[in-house]
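No value in this document is a laboratory result; all are computed from the given coordinates. No experiment lies behind these values; they were computed from the predicted model shown. Neighbour counts are summed over all protein chains in view; Cβ atoms, including those assigned to glycine, are modelled from backbone coordinates with ideal geometry.
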Amino acid sequence: MFKISMNEADKLFKAIAESDTLYLPIEKGDQIEFYEYHEGANVRLDALHTVKSAKDAFLPNCETMMEFKMEGKNIEIKEADRIAEEFVVFGVRACDARSFAILDKVYLSDPVDSFYAARREHGIVVSMACNRPEETCFCNKFDIDATNPEGDVVVWIVGDELFWEAKTEKGTALTEKVKSVLTDADSEPVEKQQKEVKAIMEKLPLNSMDMEYLKDADMMELFNSPKWNELYQSCLGCGTCTFICPTCQCYDIRDYDTGHGIVRYRCWDSCMYKDFTMMAHGTNRKTQMERFRQRFMHKLSYFPINNDGEFGCVGCGRCISKCPISMNITKVIKALGGDN
């Protein structure tokens, strides 16, 4: 294990940026997002959550897939290049770090998504343990350890020091690149903080939420529950929950006429929208209740059934804090379980 003073953290960022593109939680205006690091950036490692998750690093909000140029009857097709250079995403919280494993099950299964696969191959995740969880956090309900997140490197901020530990071959290689700015460290301060944070997690309001019934629940029984007719009533169908969610996977593919050719791109989409998966005959889910049910059935039933019981949620709490009408997955879980 290594460490560096937080007062010298910029040295660490510069050392990483010398060889790899570096993304960090950076404050711009009144929002904190993962942006490319530059000297003088307002880095906010103290922020528990960025507005959007770190998913953007591997599944961008919008990306070009190919371009078409037409001259008479001739069509020239140029496929977009896959990313081929290493990059580092630094400061990924435990919930977001687990979301990558969930996305992997979708995008790295046959047929493999080559755009996503290239980013996963070249992306290095430096995750950051939580030291001040909030009341909206419930990652521990999904067996996520906020004090020891998944990642190629894990860092802990204890007092005015940042502790660093490589966990994978990628992480070891990155450590070698920045070793000159790090010093050897004892793990005792980290272990002490881990115990303290785990004690806090056990006292959070959502820690008592019962997830057990969902593990053995009958899919059709959940699907036909009369609770859906009550739960969806206040939903605006705005899609905010889907765009801030670390594990939402849906996208749309469109063609855009630039005037000089056609650009085919994909962008995030939401199952909460009435034109989602619109086909010639219309849409399969015609009511807001059906769309609302689809989102939560996927996370709590469909995905676990097809992925060895793993839920499609990581308990980050973003939907709790951002939903304009305070409807979120925890209310759905409690209602379906009979806890009103």
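Remarks
- Full-stretch length increase - Ile262, Glu79 - with 0.36 nm per residue and alpha-carbon distance subtracted: 64.7 nm
- Here the dipole of the chain is about 1160 debye; that uses its Cα centre as origin and unit charges on the Cβ of Lys and Arg (positive) and Asp and Glu (negative).
- Derived scalar couplings between HN and Hα for the stretch 272-278 equal 8, 8, 5, 9, 5, 6, 4 Hz in order, rounded to whole Hz, by the Karplus curve 6.51 cos²θ - 1.76 cosθ + 1.60 (θ = phi - 60°), x for Gly and Pro.
- The Kirkwood radius of the stretch 1-47, taken over pairs of alpha-carbon atoms, gives through the Stokes-Einstein law at 4 °C and 1.567 mPa s a diffusion coefficient of 114 µm² s⁻¹.
- Simple label model, 7 Å out from Cα along Cβ direction - Asp10 to Leu45, nm: 1.4 nm
- Taking all Cα pairs closer than 8 Å and separated by 6 or more residues, the relative contact order of the chain comes to 20 percent.
- For the stretch 212-336, alpha-carbon Rg over 2.2 N^0.38 Å: 1.17
- Under-5 Å amide H pairs with Tyr35, H placed in peptide plane, nonlocal only: Leu24, Ile26
- Here the sum of -39500 (n - 2.57) over DSSP H runs of 4 or more residues, divided by the residues of the chain, equals -8000 deg cm²/dmol at 222 nm, to the nearest 500.
- Rg/Rg_ref, the stretch 2-208, where Rg_ref = 2.2 N^0.38 Å and atoms are Cα: 1.14
- Lys/Arg +1, Asp/Glu -1 at C-beta; the chain dipole; positive extreme among Ser127, Ser301, Ala57: Ser301
- In order along the stretch 105-118, phi translates into HN-Hα couplings of 5, 8, 8, 9, 7, 5, x, 5, 7, 5, 5, 5, 4, 5 Hz, rounded to whole numbers, per the Karplus curve 6.51 cos²θ - 1.76 cosθ + 1.60 with θ = phi - 60° and x for Gly and Pro.
- Given their separation in residues at 0.36 nm each and the Cα-Cα distance between them, Asp184 and Lys198 gain 2.5 nm when the chain is fully extended.
- Candidates Cys267, Cys248, Cys316: whichever shows maximal mean-square fluctuation once the chain is modelled as a Gaussian network with Cα springs under 10 Å: Cys267
- Principal axis analysis of the Cα atoms in the stretch 160-246 yields extents of 60, 29, 27 Å, listed in decreasing size.
- Least to most buried among Thr50, Thr287 (fewest other Cβ within 10 Å first): Thr287, Thr50
- Paired Rg and Dmax values of the stretch 82-176, which use every Cα atom, in angstrom: 14.3, 46
- Mean-position separation - Cα centroids, the stretch 239-313 and the stretch 119-182, in angstrom: 30 Å
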